[in-house]
Amino acid sequence: MNEDYTDIHEGKGAEQETRQRIIAAAKQLMAEKGYKGATTRKIAGLAGVNEVTIFRHFKNKEGLLDAALVEMTAIREPLEAFLKDFTGSVEELLAAYARRYYEILVERKDSFIICMFEARDRPELAQLFCRIPEAAIEVLRAELGKLASQGILDDQKDHGVAAHMLLSTVLIEFIVHQHIGLETACPMDEYQVMQHASNILFTGLRK
């Protein structure tokens, strides 16, 4: 194993710090100027490195921006941490999880919207975007399954479908309010919609 591989991929030393600084600069510029506007020259200037350093770490601009997007769209860990720390009732859990998922989408909306916009020209970004709801659904499905195994929820229900139903509602609310910016005819705001959807789902899942 050569020194570059060890430094870059195992997080050792100054090389890893440089790599993370470049990624941070790429994230910031993508949020400000979009995917295409985040040039390697601008990223290098913001990160305090030269462009050759970027190419040494990431080969090309696409490799760098893809690495930044992978980090920006990784949501499994914060959702699992949220569930680990959650102390409310099972009935409250669904609505709280939906709200946390929505908040993460809003916090990182620039990267998600970039994935959606660029998906037509770069299908791999569409696949990257799809990992976001897939991860959120899988984390919730696993939690519902655990609660069912404890006799708290009905173990005969399809928990994957249940998680998909709730989090699809969250994603629609995110797209409508944060991306399209529409005011719907619904008399409830997005948090009220998520609360009602959670209540309905809980009624169907409880024993």
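By the scheme Lys and Arg +1, Asp and Glu -1, what is the net charge of all other residues having a beta-carbon under 15 Å from that of Val106? Before the final figure, lay out the partial values.
Working: positive: Arg99, Arg100, Arg108, Lys109; negative: Glu103, Glu107, Asp110, Glu173, Asp189, Glu190.
Value of the local net charge: -2.
Translational diffusion coefficient of the stretch 10-88 (Stokes-Einstein, Kirkwood radius from Cα pairs, 20 °C, 1.002 mPa s): 158 µm²/s.
Would you mind putting 163-174, 59-70 in packing order, based on average other-beta-carbon counts within 10 Å, highest first? The partial results should precede the final answer.
Details: 163-174: 19.2, 59-70: 17.6.
Ranking, from highest mean packing down: 163-174, 59-70.
Just subtract the alpha-carbon distance of Asn199 and Arg131 from 0.36 nm times their residue separation and send over the number in nm, one decimal. If you can, show how the numbers build up before the last one.
Details: separation 68, 0.36 × 68 = 24.48 nm, distance 2.60 nm.
Gain in length upon complete extension: 21.9 nm.
A 1.4 Å probe run over the stretch 63-193, with the rest of the protein chains in place, finds 51 Å² accessible per residue.
Leaving ligands, DNA and RNA out of it, report the carbon-plus-sulfur percent of the accessible area of the chain at a 1.4 Å probe. Let's see the in-between values first.
Numbers: 5770 of 11240 Å².
Carbon plus sulfur share of accessible area: 51 percent.
Figure note: Ile22, Ile175 ranked by solvent-accessible area, largest first, 1.4 Å probe, ligands and nucleic acids not counted: Ile175, Ile22.
Taking a straight line from the alpha carbon of Lys207, these lysines sit under 27 Å away, with near neighbours fewer than eight places off in the same chain left out: Lys84, Lys146, Lys157.
With n ≥ 4 as the cut-off for DSSP H runs, can you work out [θ] at 222 nm for the chain, using -39500 (n - 2.57) per run divided by the number of residues, rounded to the nearest 500? Can you show the working numbers first?
Details: 11 runs with 157 residues, N = 207.
The helix contribution divided over the chain gives -24500 deg cm²/dmol.
Values (i) 17.2; (ii) 19.0; (iii) 17.6 are given for comparison; Kirkwood radius over Cα pairs in Å, derived from the coordinates here, is the one labelled (ii). Taking Lys and Arg as +1 and Asp and Glu as -1, the other residues whose beta-carbon sits under 15 Å from that of Met194 total -4.
Pull up the cross-link candidates among the lysines for Lys61, meaning alpha carbon to alpha carbon under 20 Å and not fewer than 8 places away within one chain. Straight-line reach from Lys61, under 20 Å: Lys27, Lys33, Lys36, Lys42.
The values are calculated or read from the model by the stated rules, or taken from the named source; none is laboratory data. Please read these numbers as outputs of a predicted model, since none were measured by experiment. Ideal geometry is used to build each Cβ from the backbone, glycine not excepted, and the neighbour counts take in all protein chains shown. The area values use the complete protein model at the heavy-atom level, side chains included, leaving out ligands, DNA and RNA. Shrake-Rupley method; radii C 1.70, N 1.55, O 1.52, S 1.80 Å.
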